[in-house]
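Below is one structure, written out as structure tokens; the observations come after it.
Where a number appears in this text, it was derived from the coordinates with a stated rule and is not lab data. What you see is a predicted model; the values in this text were computed from it and never measured. As a convention, Cβ positions derive from the backbone with ideal geometry for all residues, glycine included, and neighbour counts pool all protein chains shown.
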Amino acid sequence: MSLITNSAVLAETCGRLARHPFVTVDTEFLRETTFWPKVCVIQLASDAEAVAVDALAPDLDLTPFLDLMANPAVVKVFHAARQDIEIVWNLGKLVPAPLFDTQVAAMVCGFGDQVAYGELAQSICKVTVDKSSRFTDWSRRPLTEAQIVYALADVTHLRDIYKSLRDKLERSNRLSWLDDEMRSLTTPATYEQDPASAWERYRHRARKPRDLAVLMELAAWREREAQTKDVPRSRVLKDDAMLEVALAAPRTAEALGNLRAFPRGMERSRGGADMLAAIERGLARDPKTLPRIERERRSGSNGATVELLKVLLRQVSERHGVAPKMIATVDDLEAISGDDDAPVAALTGWRRDLFGAKALELKHGRLALTIERGRVITLAWQEAPSIEQAAE
């Protein structure tokens with residue numbers, strides 16, 4: 001089996017790989033007990049070879065690998081790229097580009113939402129990927145032959161999957177449909193773990209400005225602690241406890257310790273004191289400087305419209321062979337139901353051509369849905385001007 005543990009061999013191998021138009025990439029990592037992912041193995045393949053890199057080998061210099069990831073002449077092919085790219089970002093503060101994510105491409109090619117690598121290997125390559133080594137401890141050394149075989153399979157079949165999907169996208173003139181997703185995946189901000197932004201994943205839990213101000217300070221404190229100690233966020237403070245503290249905003253150690261979800265005794269620790277200080281910072285913030293509280297959108301009186309838009313989305317998805325999630329999200333549909341000019345992707349570019357314009361027609365009664373031979377179809381009301389015409 002081809003396992004690289006030597007810096008000179010890695011440099012020579014990456015030099016060969018750089019002469020090919022694309023390389024397939026995957027990683028094996030651990031994250032159960034750390035904040036930052038711990039990369040253990042890196043797999044790379046071109047049409048000519050496939051190698052596994054022991055990222056934990058003593059004194060191994062990964063610079064040639066990072067140089068390859070930054071090489072603009074080589075397309076980097078991943079499946080479900082985000083976690084792998086996060087690893088590259090943490091190693092070298094760079095994002096691989098140009099990039100091709102086969103999971104995203106498969107959504108445009110009619111394979112459904114978030115299709116697994118094994119499903120694509122079965123469908124396109126007609127092989128069954130052995131997943132028996134998937135949950136092994138990749139940090140233990142030496143690596144077994146079965147582990148290396150498993151790791152290499154994740155990049156060897158990916159070569160044929162990439163070529164098949166790319167050919168299909170080119171033939172259907174849909175390659176540009178991936179641009180938005182690739183742009184998001186290659187944006188450094190996607191991978192930067194800024195403590196000041198940690199509150200955003202809980203933005204809908206704040207009911208009023210005071211809640212939001214305290215939550216922002218507590219989430220930032222927890223994020224800094226987790227990053228500094230390199231432990232999962234839950235090791236510092238679980239989500240339910242943090243949210244309970246933010247909403248209750250206790251100002252004494254006794255009040256903090258009386259909260260139901262709060263870990264017993266933590267109120268008397270340095271962490272407890274830090275949380276009380278964070279609460280005070282939050283309470284002292286000027287409400288005018290806070291981000292606007294966005295309520296979770298509820299369908300409300302637009303519920304019927306949203307349900308019809310869901311049916312239309314499914315009809316369009318099936319007709320054109322594109323995963324629904326790639327075209328529009330439920331949030332998009334709720335936004336469209338209330339605003340013809342909602343700032344959502346479904347109303348721009350190819351998505352508008354495919355679905356967005358029809359969604360507006362349906363919303364305004366200029367398009368009808370009906371059943372024909374067991375399938376949903378659309379019927380346009382010819383006597384009414386279209387939304388696009390009315391806007392001209």
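Given +1 on the Cβ of Lys and Arg, -1 on the Cβ of Asp and Glu, and no further charges, what dipole in debye does the chain carry about its Cα centre, rounded to the nearest 20?
Charge dipole of the chain: 920 debye, to the nearest 20.
Please report how far the C-alpha centroid of the stretch 48-76 lies from that of the stretch 237-289, rounded to the nearest whole angstrom.
Cα centres, the stretch 48-76 to the stretch 237-289: 44 Å.
Considering every pair of different Cα atoms, what Kirkwood radius, in Å, is found for the stretch 1-127? Spell out each step's value before the answer.
Values: mean 1/r = 0.0654 Å⁻¹.
It works out to 15.3 Å.
Can you work out the FRET efficiency for the pair residue 193 and residue 304, with r the C-beta to C-beta distance and R0 = 45 Å, to the nearest 0.05?
So the FRET efficiency works out to roughly 0.65.
Given the peptides 232-238, 263-269, arrange them by the average over their residues of other C-beta atoms within 10 Å, most packed first.
The most tightly packed comes first, giving 232-238, 263-269.
At a Förster radius of 51 Å, what calculated FRET efficiency corresponds to the Cβ-Cβ distance of residue 63 and residue 285, to the nearest 0.05?
Details: r = 44 Å, r/R0 = 0.85.
Computed FRET efficiency for residue 63 and residue 285: 0.70.
Which lysines have a Cα less than 25 Å from the Cα of residue 93, not counting those fewer than 8 places away in the same chain?
Filter leaves 38, 76, 229.
How large is the helix-only mean residue ellipticity at 222 nm for the chain, computed as the sum of -39500 (n - 2.57) over DSSP H runs with n ≥ 4, divided by its residue count, in deg cm²/dmol to the nearest 500?
Rounded to the nearest 500, the figure is -13000 deg cm²/dmol.
Once a ≥ b ≥ c are taken as the square roots of the eigenvalues of the Cα gyration tensor of the stretch 193-247, is the result rounded (a/c under 1.5), prolate (a/b larger than b/c) or oblate (a/b not larger than b/c)?
prolate
I need the shape label for the stretch 195-289. Rule: rounded when a/c is under 1.5, else prolate if a/b > b/c, else oblate, with a, b, c from the alpha carbon gyration tensor.
oblate
Using a Cα-Cα cut-off of under 19 Å, which lysines could be cross-linked to residue 358, ignoring same-chain neighbours fewer than 8 residues away?
Partners found: 310, 325.
What order, most packed first, do the peptides 88-96, 251-259, 326-334 have when packing is the mean number of other Cβ atoms within 10 Å of each residue?
326-334, 88-96, 251-259
P(r) for the stretch 300-390: what percent of alpha-carbon pairs falls in each 5 Å bin, starting at zero?
Reading the bins upward from 0: 3, 15, 27, 26, 20, 8, 1, 0.
Output the direction-averaged projected area (hull surface divided by four) of the convex hull of the alpha-carbon atoms of the chain, in nm². Could you put the intermediate results ahead of the total?
Numbers: hull surface 100.1 nm².
Average of the hull's projected areas for the chain equals 25.0 nm².
Rg and Dmax in Å for the stretch 251-343, alpha carbons only: what are they?
Taking only Cα atoms of the stretch 251-343, I get Rg and Dmax of 22.6, 61 Å.
Take each uninterrupted DSSP H stretch in the chain, measure its Cα extent along the helix axis, and return the ones at 18 Å or beyond whose mean Kyte-Doolittle hydropathy is at least 0.0.
Sorted by number, the helices that extend far enough and score high enough are 270-284, 303-320.
Between residue 348 and residue 173, what FRET efficiency follows from the Cβ-Cβ distance if R0 is 22 Å, with the result rounded to 0.05?
Approximately 0.80, to the nearest 0.05.
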